Each structure stands twice: as structure tokens, then as C-alpha cells.
Amino acid sequence: MPVFGQAPQWVLADGVPIADALVLSHPEQCDRLRAACPEAAPTAVLAGDPCFDRALAARPYRERFRRALGVRAGQRLIVLNSTWNPASFFGDGGAGGDDLLPALLPRLAGEFPVDEYRFAAVLHPNIWHGHGPGQIRAWLDRARRRGLVLIDPLEGWRQALVAADAVVGDHGSVTFYAAALGTPVLLAAAPLHELDPGAPISDFMRVAPRLDPGAPLREQIDRLLEHHRPLPGPAEYTTSVPGEAAVRLRSLFYSMMGAAEPEWAASLEPLPLPGHEPVSVTVPLHVLTRVTRPGEVSMARWAGSPPSAEYAGGDAHIAVHEDTRDVDGLKLADVVFRDGRPDDPRFGSPAVWTAEVLHRHPGCALAAFTVGPSECVVRPRGGRLLGLTSPPEASVDPAAAASALHALLGAGGAGDDVMAERLLALLDDGGFTVRAGARSVRVRVTGLPAW
């Protein structure tokens with residue numbers, strides 16, 4: 001099997017090396033170059049991996065990258081990664097049949113509550129260019145409306161790896177980088193027949209845990225995170241000189257130019273902090289709640305039909321984003337919410353918008369206007385305008401807080417008088433507690449003027 005990038009057809013022209021210097025990151029690559037194409041071996045330069053060095057340098061800022069991707073404290077970010085050939089995760093994994101990733105995406109909505117897990121997809125640039133951005137977005141449209149974020153394949157993937165709790169991937173380099181960073185990796189596709197059996201990635205593919213597409217997905221992810229032990233191979237073979245790429249590359253470049261290096265230290269551009277990518281779930285949300293004690297509610301929200309066992313011992317309602325494409329869902333919604341700037345003239349104000357929503361949707365019991373990452377303005381039907389705020393450092397999705405308030409006020413089919421009493425109690429107590437998964441967050445409730 002020809003070694004990709006090192007076989008004669010890639011590094012020679014008319015029997016002569018096409019490059020004056022071939023930058024490699026590990027002596028193992030130098031050995032394989034000598035075996036694959038001895039004519040090019042003299043051009044090899046061990047200069048490390050600047051891409052990996054930038055990711056290593058970014059790790060102290062991991063929480064910032066997570067917040068940029070809309071990941072809240074206690075949430076798990078799962079990155080789905082695919083390289084670009086037919087045997088990839090986005091393809092059939094080399095086993096024939098349906099494409100793996102598109103087939104799994106609908107199941108994510110039914111197995112993972114949205115307040116406990118966040119999903120992002122890193123697809124190889126050749127997937128985007130081969131099919132076209134419009135086609136990719138069309139194929140993944142439903143998943144995106146369920147909260148999946150698509151990561152820029154050129155500028156954003158390293159930041160996503162730094163932020164990730166786990167990566168589900170294949171034999172592409174991004175998955176190998178994730179493992180090198182110590183991130184738990186689950187292989188959805190591992191076509192060993194397409195790889196050099198002597199390459200480090202082949203060793204990794206043989207020992208890394210595998211995804212079973214037919215088994216429950218959440219159990220596999222949770223088990224991966226619980227029992228993860230970093231494999232030494234990826235970190236060892238990604239670069240033999242971690243943190244040294246800038247120094248080595250600059251020295252190489254200036255020596256090739258025959259010029260003296262600058263006096264200042266060589267450095268790499270830090271990974272830029274991405275723009276904030278807020279969670280945007282516009283499909284109807286199935287919300288399951290249990291009032292565990294006065295002023296405390298346990299809840300889970302699902303962007304699909306939740307497992308039937310989750311219904312035991314609790315109440316359920318529907319919460320729908322006003323911009324949903326599932327417009328019939330608005331007729332069934334108990335809670336209607338949206339996000340925006342409080343001074344956006346298109347909505348009048350949060351007070352005006354909440355009143356309009358309750359008038360337009362007679363079946364809606366509560367309207368919520370999210371004004372920031374940790375706060376919203378709500379109006380229960382027949383009640384006063386309220387502000388809900390959670391601590392920025394441990395916030396809950398404001399739309400989830402609105403659903404929790406709805407559950408607390410209406411638990412047990414309470415009538416208007418009981419709901420009014422419960423609201424007064426919450427105002428007197430200063431708020432309520434929301435439990436989502438292992439997290440417990442205090443939400444402050446304040447009365448607001450009606451204008």
C-alpha cells in the first residue's frame with residue numbers, strides 16, 4: 001500500500017524531490033519516508049506540529065471555548081468528526097449500507113436531553129467542497145434545528161477539540177488529534193484496510209473503543225467518559241517535540257533564505273476565540289418535570305420523543321421556539337419562547353412580545369423572551385411580568401428556567417388561585433431550584449413593571 005503523502009508519486013517529479021524541505025513531526029515519519037521513497041529522505045526535517053502546538057497552548061482557555069460553543073457548566077460536548085471518503089463516519093464506514101452519521105443523527109434527539117449534552121459536527125473540508133455547503137446544510141437541517149452546531153472545517157475544528165468532552169470519529173486526522181490531546185474517542189468507522197498497517201493510526205484504530213450503531217448511544221458515551229484512559233500512542237506519535245514547532249520552523253525558513261533570524265522569540269498565533277454560538281433548538285421540545293419539593297423541580301428537555309421510562313412519576317409539557325418550522329407545534333405549546341435583544345423594535349419589548357404571544361396562542365400558558373445567556377422575561381397567562389435569572393458562572397438555559405417555572409406553578413393541575421399563591425411564594429422566597437441531570441441551579445424570580 002503506498003504511504004499517503006510519502007510515496008514517490010507525491011514527493012518526486014522526474015525522480016527528483018519536489019520540495020527542498022519536507023517537514024515531519026516525528027522520527028517514525030522519517031523512517032517511513034526512507035522506506036517509502038529513499039530519494040526524498042535527505043529533504044526530511046524534524047520540525048514538530050504547529051497545529052498540535054496551538055491546540056496544546058489553548059488548553060488553559062478551554063472553558064472560554066466551551067462557552068463560545070454554548071456549552072454550559074455541567075453539560076457534555078460531544079464532537080462528531082468525519083473524514084471524507086466513502087468508508088468514513090459520514091459514509092458507510094466501509095461496511096456498506098446506510099451512511100453512519102446521517103443515520104445516527106435522529107437518534108441523538110431521542111437519547112440525549114438537550115440540557116445535559118451539546119453536539120457539534122466537524123466535517124472534512126472535502127465533504128463541504130465535494131457536495132457543496134448548501135447540500136450539507138440541507139442534509140443536516142433537522143439535526144441543526146435540534147441543536148447540532150456545524151463547525152467551520154478550516155478555522156474552528158481545533159477549538160472544538162479543545163472544548164470537547166468526547167469525540168465520535170473515524171480514521172481521519174482530527175480524531176487522532178483528539179486522542180493525542182487526551183480526549184475520549186469512540187470510533188464509528190475504522191477501515192483498517194485503507195490504512196498502512198505499520199502506521200501509528202492503524203495501531204490506534206485496533207485498540208480504541210468502537211461505537212456499536214445498534215446499541216443505545218447514550219450508554220456508550222457515558223461509559224466511554226466514565227472509563228476513559230488516554231492511549232499513549234496518539235500523543236507520542238503526533239509530535240516528538242511538543243511546543244517546539246515555532247522555533248524549529250522559523251530556524252528552517254531563515255536558513256533556507258540564507259538570512260539571520262530575528263532577535264525576538266519565535267511564536268505561533270494563538271487559536272482565536274470563536275464567536276458565541278448560542279444553543280438554537282427550534283423543533284418542539286418535550287419537557288418532563290417532577291416537582292420534588294416546594295420551590296424545586298427536576299426536569300429534562302428532549303428535542304424528540306423521550307424514552308418512555310422517563311415519563312414515570314412526573315408531568316410533561318411542550319415548549320416551542322417562536323421561529324420553529326414545525327408551526328403546528330405552536331398550537332400545542334404550553335410554553336412559547338424566543339431570544340433577542342430587549343430593545344429590538346421589531347418585538348416592541350419583552351413585555352409587548354409576551355402579551356402578544358399569549359393573545360395569539362390561546363393554548364399557551366407561559367411566554368418567555370430570552371434577553372441574555374442567563375436571563376429571560378416571562379409572563380404566565382393571567383399573571384404578572386417576571387424576570388428569571390441564573391448565575392452566569394453556572395447558568396441554566398433561560399428557556400429551561402421558563403419551563404421549570406411553568407411546571408412549578410401548574411403542578412397537579414392547579415387552578416388560577418393556587419397558581420397565584422405559588423407565584424407569591426416564589427417571589428417571597430426569591431426564586432426556585434432547577435435540577436437537570438447532575439446539576440442544580442438556583443433561579444432568581446423578580447417582579448417587573450408591566451411596560
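The values are calculated or read from the model by the stated rules, or taken from the named source; none is laboratory data. Model, not experiment: these values are computed from the prediction. Cβ placement follows ideal geometry from the backbone for every residue including glycine, while neighbour counts extend to all protein chains displayed. Heads up: the accessible areas ignore ligands, DNA and RNA and are worked out on the full protein's heavy atoms, side chains in. Shrake-Rupley method; radii C 1.70, N 1.55, O 1.52, S 1.80 Å.
Only one residue in 74, 48, 70 is touching a Lys or Arg at 6+ places or on another chain (Cβ under 8 Å), on the phi > 0 side of the Ramachandran plot and modelled with pLDDT of 95 or more. Which one?
Values: 74 fails: modelled with pLDDT of 95 or more; 70 fails: modelled with pLDDT of 95 or more.
Exactly one of 74, 48, 70 is touching a Lys or Arg at 6+ places or on another chain (Cβ under 8 Å), on the phi > 0 side of the Ramachandran plot and modelled with pLDDT of 95 or more, namely 48.
Please name all residue pairs, on different chains or six or more residues apart, with Cβ atoms under 6 Å, provided the first residue is in the range 52-71 and is closer than 19 Å to residue 182 by Cα and the second residue is open to solvent by 10 Å² or more (accessible area, probe 1.4 Å) and charged (D, E, K, R).
55/158
Of everything in the range 428-449 that's touching a strand residue (DSSP E or B) at 6+ places or on another chain (Cβ under 9 Å) and of a type in the set (Gly, Ala, Ser), which residue is surrounded by the most Cβ atoms within 10 Å (Cβ to Cβ)?
Initially, the range 428-449 is screened for residues touching a strand residue (DSSP E or B) at 6+ places or on another chain (Cβ under 9 Å), giving 429-437, 440-448.
Then drop every residue that is not of a type in the set (Gly, Ala, Ser), which leaves 430-431, 436-437, 440, 447.
Working: 430: 12, 431: 19, 436: 23, 437: 15, 440: 14, 447: 12.
Result: 436.
For the range 1-111, which strands (runs of 3 or more DSSP E) that fit wholly inside it have 3 or more residues that are of a type outside the set (A, V, I, L, M) and within 26 Å of residue 163 (Cβ to Cβ)? Spell out the reasoning first.
On the way: elements: 22-24, 44-46, 76-82.
Of the strands (runs of 3 or more DSSP E) lying wholly inside the range 1-111, those with at least 3 residues that are of a type outside the set (A, V, I, L, M) and within 26 Å of residue 163 (Cβ to Cβ) span 76-82.
Would you mind finding the one in 358, 423 that is out of contact with any helix residue (DSSP H, G or I) (no Cβ under 8 Å at 6 or more places or on another chain) and either among the polar types (S, T, N, Q) or farther than 25 Å from residue 276 by Cα (or both)? Step through it out loud before you land on a result.
Details: 423 fails: out of contact with any helix residue (DSSP H, G or I) (no Cβ under 8 Å at 6 or more places or on another chain).
Sole residue among the options that is out of contact with any helix residue (DSSP H, G or I) (no Cβ under 8 Å at 6 or more places or on another chain) and either among the polar types (S, T, N, Q) or farther than 25 Å from residue 276 by Cα (or both): 358.
Here is a list: 119, 112. Which entry is open to solvent by 20 Å² or more (accessible area, probe 1.4 Å) and within 17 Å of residue 188 (Cβ to Cβ)? Reasoning before the result, please.
Numbers: 112 fails: open to solvent by 20 Å² or more (accessible area, probe 1.4 Å).
Result: 119 is the single residue among 119, 112 that is open to solvent by 20 Å² or more (accessible area, probe 1.4 Å) and within 17 Å of residue 188 (Cβ to Cβ).
Would you pick out the residues in the range 345-369 that are without any contact (Cβ under 8 Å) to a residue 40 or more places away in the chain and open to solvent by 20 Å² or more (accessible area, probe 1.4 Å)?
In the first step, residues of the range 345-369 are kept if they are without any contact (Cβ under 8 Å) to a residue 40 or more places away in the chain; the result is 345-348, 350, 352-364, 367-369.
Within the range 345-369, 345, 346, 347, 348, 352, 355, 356, 359, 360, 361, 362, 363 meet the criteria.
Could you grab me the full set of residues in the range 240-285 that are within 20 Å of residue 46 (Cα to Cα) and among the charged types (D, E, K, R)?
244, 248, 250, 261
For the condition at pLDDT 95 or above, of a type in the set (A, V, I, L, M) and in contact with a Pro (Cβ under 7 Å, 6 or more places away or on another chain), what is the one hit in 121, 180, 164? If you could, list the steps in order and put the result at the bottom.
Numbers: 121 fails: in contact with a Pro (Cβ under 7 Å, 6 or more places away or on another chain); 164 fails: in contact with a Pro (Cβ under 7 Å, 6 or more places away or on another chain).
When all the criteria are applied, what remains is 180.
Run down 414, 425, 399 and say which single residue is in contact (Cβ under 8 Å) with a residue 60 or more places away in the chain and open to solvent by less than 50 Å² (accessible area, probe 1.4 Å).
On inspection, the qualifying residue turns out to be 399.
Scan the range 50-71 residue by residue and report those that are out of contact with any helix residue (DSSP H, G or I) (no Cβ under 6 Å at 6 or more places or on another chain) and farther than 30 Å from residue 398 by Cα.
51, 54, 56, 57
Among 336, 320, 327, which is free of Cβ contacts under 8 Å to residues at least 60 places away in the same chain, in contact with a Cys (Cβ under 7 Å, 6 or more places away or on another chain) and either among the β-branched types (Val, Ile, Thr) or open to solvent by 30 Å² or more (accessible area, probe 1.4 Å) (or both)?
Working: 320 fails: in contact with a Cys (Cβ under 7 Å, 6 or more places away or on another chain); 327 fails: in contact with a Cys (Cβ under 7 Å, 6 or more places away or on another chain).
None of the other options fit; the residue is 336.
Where in the range 162-277 are there helices (runs of 4 or more DSSP H), lying fully within it, with 3 or more residues that are touching a residue at least 12 places away in the same chain (Cβ under 8 Å) and within 30 Å of residue 116 (Cβ to Cβ)?
Values: elements: 173-180, 200-207, 217-227, 232-238, 245-257.
Counting at least 3 such residues, we get 173-180, 200-207, 217-227.
With the condition kept exactly as written, say whether any residue in the range 221-240 is in contact with a Lys or Arg (Cβ under 6 Å, 6 or more places away or on another chain), closer than 22 Å to residue 84 by Cβ and of a type outside the set (Phe, Trp, Tyr). It would help to see each step written out before you state the result.
So the first thing to find is which residues in the range 221-240 are in contact with a Lys or Arg (Cβ under 6 Å, 6 or more places away or on another chain), and the list is none.
Within the range 221-240, none of the residues are in contact with a Lys or Arg (Cβ under 6 Å, 6 or more places away or on another chain), closer than 22 Å to residue 84 by Cβ and of a type outside the set (Phe, Trp, Tyr).
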